[in-house]
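S.K.: Dumping the structure here so I can ask a few things about it.
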Amino acid sequence: MPIPMSLVPSGSGGGPAVIAEVEMNVGADSGATTVRATVVQASTVFYDTPATLDKAERFIEEAAGYGSQLVVFPEAFIGGYPRGSTFGFGISISNPKDKGKDEFLKYHAAAIDVPGPEVTRLAAMAGKHKIFLVMGVIEREGYTLYCSVLFFDPLGQYLGKHRKLMPTALERIIWGFGDGSTIPVYDTPLGKIGALICWENKMPLLRTALYGKGIEIYCAPTADSRQVWQASMTHIALEGGCFVLSANQFCRRKDYPPPPEYIFAGLGEEPSPDTVVCPGGSVIISPSGEVLAGPNYEGEALITADLDLGEIARAKFDFDVVGHYARPEVLSLVVNDQPHLPVSFTSAAEKASAAKSDSSAKPY
């Protein structure tokens, strides 16, 4: 049974006290590998990406100080989740108003290029503090934005990314769609690490693609703070026989620009600055479905647990969804992992080389 090891007030930032919920596994196998993982529950500094990066570094430094080897941030932490914004669409499908286009202009400016200077800085943070880092970002490619997760290793290297395959509801107005080329699972010394974002986690076939790649530490950055989200996270831990680390932001109205620069829709009258607009709910769950840390609905927090990787084998003894419990002769999944580009170019040199190759292959 995991028991609390310590409750440590944090000095990060000037907002609510940050609490680290650290759990230890008592009686774990002596030979089992244990990974200390931290989920960061905190808000973006909206429209201010340099300040958000500074805030991320403070949390990373603090988590590393607790001995964390893996740190997971929420969906869209860098660039921000545009909670309450309609981008001029309101609740009807019509031409967006000019104000909505101005909102998009500012949101586009707060996004980051991948690769780019912000990615270089995040890699340096991971290297400095010797952690694996999983970071939710708004990725900018030209004039299209993607909700993405970036992965970094303790050597300060950018490993790659996952782009949200299916934005939800009005997210489709502002974010592009990922493809099968960015569904990675990284084989690391801590275990096999991957991520799906928010309601992608409800897509059974997409989850199965990660299970097929052997995921052991399943990261689920999200914007969903509802109680029912906890049920989804528990189900995934049981289904996949993996640890699930779900990170959400804790936001108050004052974490977004004040009106009229930023107007909150869908909440009736404009909320007061201290109104909680996203209460978090970040959580860490074991392969047996046991909640190891969280869910936290109190404020910004570092939610930390020790993961006994021996629990994965124990969980898969009687249920391995893509192993002995699979029936591939009845049910199977094919994943197209090729990138889908709107425009591709074939140079004259490539054409000449291909023609020469075809000619040399023809029999005389």
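The values are calculated or read from the model by the stated rules, or taken from the named source; none is laboratory data. Computed from a predicted model, the values in this text were never measured in an experiment. In this analysis, Cβ positions are derived from the backbone assuming ideal geometry, glycine residues included, and neighbour counts consider all displayed protein chains. SASA here: full protein model, heavy atoms, side chains in, ligands and nucleic acids out. Shrake-Rupley method; radii C 1.70, N 1.55, O 1.52, S 1.80 Å.
S.K.: Could you identify the single residue in MET135, MET125 that is open to solvent by less than 10 Å² (accessible area, probe 1.4 Å), touching a residue at least 24 places away in the same chain (Cβ under 8 Å), more than 12 Å from the chain's Cα centre (by Cα) and within 18 Å of VAL72 (Cβ to Cβ)? Reasoning before the result, please.
M.R.: Working: MET135 fails: more than 12 Å from the chain's Cα centre (by Cα).
Testing whether each residue is open to solvent by less than 10 Å² (accessible area, probe 1.4 Å), touching a residue at least 24 places away in the same chain (Cβ under 8 Å), more than 12 Å from the chain's Cα centre (by Cα) and within 18 Å of VAL72 (Cβ to Cβ) leaves just MET125.
S.K.: Could you tell me whether the stretch 225-244 includes any residue that is open to solvent by 40 Å² or more (accessible area, probe 1.4 Å) and not in a helix (DSSP H, G or I)?
M.R.: Scanning the stretch 225-244, I find at least one residue that is open to solvent by 40 Å² or more (accessible area, probe 1.4 Å) and not in a helix (DSSP H, G or I), so the answer is yes.
S.K.: Can you name the residue in the stretch 22-43 that is assigned to a loop (DSSP other than H, G, I, E, B), of a type in the set (S, T, N, Q) and open to solvent by 10 Å² or more (accessible area, probe 1.4 Å) and is also modelled with the highest pLDDT among such residues?
M.R.: Of the residues in the stretch 22-43, the ones assigned to a loop (DSSP other than H, G, I, E, B) are 26-33, 42-43.
With the extra rule that they be of a type in the set (S, T, N, Q), the set shrinks to 30, 33, 43.
Next, only the ones that are open to solvent by 10 Å² or more (accessible area, probe 1.4 Å) stay: 30, 33.
Values: SER30: 38, THR33: 89.
Here the answer is THR33.
S.K.: Could you go through the stretch 138-154 and let me know if any residue there is surrounded by fewer than 21 Cβ atoms within 10 Å (Cβ to Cβ) and closer than 28 Å to ASP308 by Cα.
M.R.: So far as the stretch 138-154 goes, yes, one or more of its residues are surrounded by fewer than 21 Cβ atoms within 10 Å (Cβ to Cβ) and closer than 28 Å to ASP308 by Cα.
S.K.: Has the stretch 305-312 got at least one residue that is open to solvent by 20 Å² or more (accessible area, probe 1.4 Å), under 24 Å from the mean Cα position of the chain (by Cα), of a type outside the set (Asp, Glu) and within 19 Å of ARG226 (Cα to Cα)?
M.R.: Taking every residue of the stretch 305-312 in turn, none turns out to be open to solvent by 20 Å² or more (accessible area, probe 1.4 Å), under 24 Å from the mean Cα position of the chain (by Cα), of a type outside the set (Asp, Glu) and within 19 Å of ARG226 (Cα to Cα).
S.K.: What's the number of the only condition in (1) open to solvent by 50 Å² or more (accessible area, probe 1.4 Å); (2) free of Cβ contacts under 8 Å to residues at least 40 places away in the same chain; (3) under 30 Å from PRO342 (Cα atoms) that PRO189 fails to meet?
M.R.: Condition (3) is where PRO189 drops out.
S.K.: Here's something else I'd like to know. Name the residues in the stretch 314-334 that are open to solvent by 70 Å² or more (accessible area, probe 1.4 Å) and modelled with pLDDT of 90 or more, would you?
M.R.: Of everything in the stretch 314-334, those that are open to solvent by 70 Å² or more (accessible area, probe 1.4 Å) and modelled with pLDDT of 90 or more turn out to be ARG314, PHE317, ASP318, HIS324, ARG327, PRO328, GLU329, VAL330, LEU331, SER332, VAL334.
S.K.: Sticking with this structure for a sec: Evaluate the following for GLY299: is it in contact (Cβ under 8 Å) with a residue 60 or more places away in the chain and open to solvent by less than 90 Å² (accessible area, probe 1.4 Å)?
M.R.: Spelling it out, GLY299 is indeed in contact (Cβ under 8 Å) with a residue 60 or more places away in the chain and open to solvent by less than 90 Å² (accessible area, probe 1.4 Å).
S.K.: If you don't mind, there's one more thing I want to ask. Kindly evaluate PHE77 against the criterion of being among the aromatic types (Phe, Trp, Tyr) and modelled with pLDDT under 95.
M.R.: No: the conditions fail for PHE77.
S.K.: If you don't mind, there's one more thing I want to ask. ASN201 is checked against (1) at pLDDT below 95; (2) among the polar types (S, T, N, Q); (3) open to solvent by less than 20 Å² (accessible area, probe 1.4 Å) and fails just one. What number does that condition carry?
M.R.: The failed condition is (1).
S.K.: Listed residues GLY212, GLY176; which is open to solvent by 10 Å² or more (accessible area, probe 1.4 Å) and either farther than 18 Å from LEU333 by Cα or free of Cβ contacts under 8 Å to residues at least 60 places away in the same chain (or both)?
M.R.: GLY176
S.K.: Can you tell me which residues in the stretch 61-82 are open to solvent by less than 10 Å² (accessible area, probe 1.4 Å) and either among the small types (Gly, Ala, Ser) or under 11 Å from ALA42 (Cβ atoms) (or both)? Outline the logic, then answer.
M.R.: Residues of the stretch 61-82 open to solvent by less than 10 Å² (accessible area, probe 1.4 Å): 63, 68, 70-80.
Residues satisfying the conditions are ALA63, SER68, PHE73, PRO74, ALA76, PHE77, GLY79, GLY80.
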